[in-house]
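The values are calculated or read from the model by the stated rules, or taken from the named source; none is laboratory data. What you are looking at is a predicted structure, and each value in this text was computed from that prediction instead of being measured. Quick reminder, even Gly has a Cβ in these numbers, built from the backbone with ideal geometry, and neighbours come from all protein chains shown. These accessible areas exclude ligands, DNA and RNA; they are computed on the full protein's heavy atoms, side chains included. Shrake-Rupley method; radii C 1.70, N 1.55, O 1.52, S 1.80 Å.
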Amino acid sequence: CLFQTVAVIIAAREHGLDLVLYAGSAHWPVDATGTFGFEWDPEHPVSQLRLIQGALPEMHVWAGDPRAHEIVDISTAHWRAYFDRTIAKVEGWAWTAPDPPDFIWCRPEALPPRVDYRPDRLAAEVASSLLRQMIAETSAA
């Protein structure tokens with residue numbers, strides 16, 4: 001989701017739109033009661049290990065327009081496939097809710113029921129820092 005977000009931010013800027021990177025937790029309904037998503041928890045031991053390794057811990061990254069208060073997420077089309085390859089395979093949990101759309105571009109109050117995006121400033125700083133690090137390493141190579 002990090003690279004897709006960067007791509008949509010660059011494409012938007014080429015068309016005069018000023019989107020910024022957001023990161024944090026996000027969830028999508030899987031069935032009548034459960035949701036699947038990415039939970040940002042900087043205190044979790046696995047998150048701390050990933051940070052020490054210079055890797056992205058569990059989180060979701062999306063773009064947004066802070067002036068219009070809009071969420072822009074072009075990764076939603078891949079959530080179901082990711083769920084099927086991971087959670088469904090391991091836990092046998094079936095996705096019975098409608099599939100997410102190919103993308104989301106809306107204000108938070110227009111999100112479908114039980115869809116949740118929770119931005120976190122530290123998560124965005126971690127994602128941005130990791131991105132800058134990867135760009136620097138690529139430029140140095």
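Which members of region 86-141 meet the condition of being assigned to a helix (DSSP H, G or I) and either under 16 Å from HIS60 (Cα atoms) or among the aromatic types (Phe, Trp, Tyr) (or both)? Don't jump to the end; show me each part of the working.
Step one: of region 86-141, the residues assigned to a helix (DSSP H, G or I) are 87-91, 108-110, 121-140.
PRO108, ARG121, LEU122, ALA123, ALA124, GLU125, VAL126, ALA127, SER128, SER129, LEU130, LEU131, listed by residue number.
Mind listing just one residue for me: the one in region 68-110 that is within 22 Å of ALA32 (Cα to Cα) and in contact with a Lys or Arg (Cβ under 8 Å, 6 or more places away or on another chain) and, of those, most open to solvent (accessible area, probe 1.4 Å)?
ASP99
Write out, first by first residue and then by second, each pair whose Cβ atoms fall under 6 Å of each other, whose residues are 6+ apart or on separate chains, and whose first residue, in region 1-19, is under 10 Å from TRP62 (Cα atoms) while the second is exposed (fewer than 15 other Cβ atoms within 10 Å of the Cβ) and modelled with pLDDT under 95.
Filtered contacts from region 1-19: no entries.
Going by what's in this entry, would LEU17 be described as outside any helix (DSSP H, G or I) and either modelled with pLDDT of 95 or more or open to solvent by 40 Å² or more (accessible area, probe 1.4 Å) (or both)?
Details: outside any helix (DSSP H, G or I): yes; either modelled with pLDDT of 95 or more or open to solvent by 40 Å² or more (accessible area, probe 1.4 Å) (or both): yes.
Judged against the criteria, LEU17 is a match.
Might you let me know whether region 26-33 holds any residue that is open to solvent by less than 30 Å² (accessible area, probe 1.4 Å), of a type in the set (Ser, Thr, Tyr) and either under 23 Å from GLY92 (Cα atoms) or outside any strand (DSSP E or B) (or both)?
No, the conditions are met nowhere in region 26-33.
Cβ-Cβ under 7 Å, sequence separation 6+ or interchain: first residue in region 72-94 and closer than 17 Å to TYR117 by Cα, partner of a type in the set (Gly, Ala, Ser). Which pairs?
Cβ pairs passing all conditions: VAL72/ALA63; VAL72/GLY64.
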